[in-house]
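Inspection log for the structure reproduced underneath, given as structure tokens.
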Amino acid sequence: MGPMVKKQLSADEIVATGLRNQWYAICPSSQVPKGSIHRVRRLGMDWVLFREPNGRLRMLEDRCPHRGAALSLGQHLGTKLACAYHGVQVDGEGMVVSVPGLPGCNLEGKRLVPSPPIKEVAGAVLAYIGDDAHPEPEPLTLPDPLVDEGVSSFLCYAEWDTPWRYAMENLLDPMHGAFLHRESHSMFGGGTQARFRIRETERGFFFEKTDQRGLNFDWVEFCRTGIDWVDLEIPYPPTAGPGGPFGIVGIGTPIDAERTAVFFWRYRRVSGWQRDTWRFLYRTKLEARHWQVLEQDRVMLEAMPHDADQAENLYQHDLGVVRLRRLYRNLAEEQVALAPELAAV
Ligand code: FES
Ligand SMILES: [Fe+2]
């Protein structure tokens, strides 16, 4: 693993641009075909992704070790990138392999560009983003619906102009299903009143209605397993074919303090002909409807002022939101508190 970014962030900056020392979904795998160079901004930093000729994916900080130019503007040379500015070549592990303008230059052979550990799972690239004190990846338990053979999923990817916290809080707020999505094909049922509770689990907590299940967006489980994700379930009408309710695994990744990349895997526990039917119906009919629902979320979140949480009046349904905020605030403060020890090392 290469050197990590040196700038020390405040707890506010961490909450705004994402907790460190955990895995995140970065982009759909399909955005990095062989031979291409793909630039993304995540957690307020620029990254470049490319594939080696054998298909192996690589991710580097998008910053040339010479003078900081964007490596993503450079040339793809198979197993390395050549910076467009003065030609310095960096391999997939962040090592300078050549300084063509000054052969034998002492940058050669040094690993100077951060290259986070990555994995490709269920059509998405995941990466571990550590701080200086935690360059080695935390153990990762993948969301079970994404690795379960009996589950069939589709990934929806979008970028929303909303701060990360609002995108995450939206997932911990099941009650909006009965209002914002009331006209949708899957969330017209059930009551518009409810009481909620938090139920602890080994990997996080459920936020669930106490008096209704299986009629609308009635529960969500927040899971922290090396990566933060939610699992939730929404009923389908009979026209959506066999297989019962559909689940959603959701992951939000900060792009920067103002924007969020969202990943939603829509899944169903189906096999055999039911699996084929689900995949056919999803592609031909359901996907377009799901995008309509996601658009409702996007429009609502993008229109919220960025300081919306400075003047709110919460009620019982917002316990999940409050719980998540407290968790993230505490974790951000822990990450800051560890920082001064670094100076002494
Ligand atoms: S900045 Fe990249 S080679 Fe000079
Ligand atoms: Fe929603």
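The values are calculated or read from the model by the stated rules, or taken from the named source; none is laboratory data. Predicted model, so just to flag it, every value in this text is computed and none were measured. Cβ atoms come from the backbone with ideal geometry, glycine included; neighbour counts cover every protein chain shown. Only protein heavy atoms, including side chains, enter the accessible area calculation; ligands, DNA and RNA are left aside. Shrake-Rupley method; radii C 1.70, N 1.55, O 1.52, S 1.80 Å.
Taking a straight Cα-Cα cut-off under 23 Å and skipping sequence neighbours fewer than 8 places away in the same chain, the lysines within cross-link reach of Lys7 are Lys110.
Between Asp161 and Arg41, the modelled labels are 1.3 nm apart [label points 7 Å from Cα along Cα→Cβ].
Give the accessible surface of the stretch 25-129 per residue, rounded to a whole number of Å², with probe radius 1.4 Å and ligands, DNA and RNA excluded.
42 Å²
By the Cβ-Cβ criterion of under 4.7 Å, the unpaired cysteines of the chain are Cys27, Cys105, Cys156, Cys223. Helices in the chain, meaning DSSP H runs of at least 4 residues, each add -39500 (n - 2.57). Divided by all residues, the mean residue ellipticity at 222 nm is -6000 deg cm²/dmol. Given R₀ = 30 Å, what would the calculated FRET efficiency be for Val147 paired with Glu200, taking r from the Cβ atoms and rounding to 0.05? Working from the Cβ atoms, E equals 0.80. Relative contact order of the stretch 144-329, taken over Cα pairs closer than 8 Å and 6 or more residues apart, is 28 percent.
How high is the relative contact order of the stretch 25-129, in percent, with contacts defined as C-alpha pairs under 8 Å that are six or more residues apart?
Values: 223 pairs, mean separation 24.5, N = 105.
This gives 23 percent for the stretch 25-129.
Once phi is turned into ³J(HN,Hα) by the Karplus curve 6.51 cos²θ - 1.76 cosθ + 1.60 with θ = phi - 60°, what whole-Hz value does each residue of the stretch 317-324 show in order, with x for glycine and proline? Couplings: 5, 9, 4, x, 4, 5, 4, 5 Hz. Sequentially through the stretch 255-264, phi angles give Karplus couplings (6.51, -1.76, 1.60; θ = phi - 60°) of 7, 8, 5, 10, 9, 9, 8, 10, 10, 10 Hz, Gly and Pro residues having no value and appearing as x.
Please name whichever of Leu71, Cys27, Trp47 sits farthest to the positive end of the charge dipole of the stretch 25-129, dipole taken about the Cα centre and charges placed at Cβ: Lys and Arg +1, Asp and Glu -1. The Cα lying farthest towards the positive end belongs to Cys27.
Under the simplified labelling scheme, the Glu302-Asn330 pair shows an inter-label distance of 3.5 nm, with each label point 7 Å from Cα along Cα→Cβ.
Here the accessible area of the chain is 52 percent carbon and sulfur, with a 1.4 angstrom probe and all protein chains present.
Does the stretch 1-114 come out rounded, prolate or oblate by the C-alpha gyration tensor, with a ≥ b ≥ c the root eigenvalues, rounded set by a/c under 1.5 and, if not, prolate when a/b is larger than b/c and oblate if not? It is oblate, given that a/c is not under 1.5 and a/b is not larger than b/c. The relative contact order of the chain comes to 20 percent, based on Cα pairs under 8 Å that sit 6 or more residues apart.
Averaged per residue, the stretch 148-251 has 37 square angstrom of accessible surface, using a 1.4 angstrom probe with ligands and nucleic acids left out.
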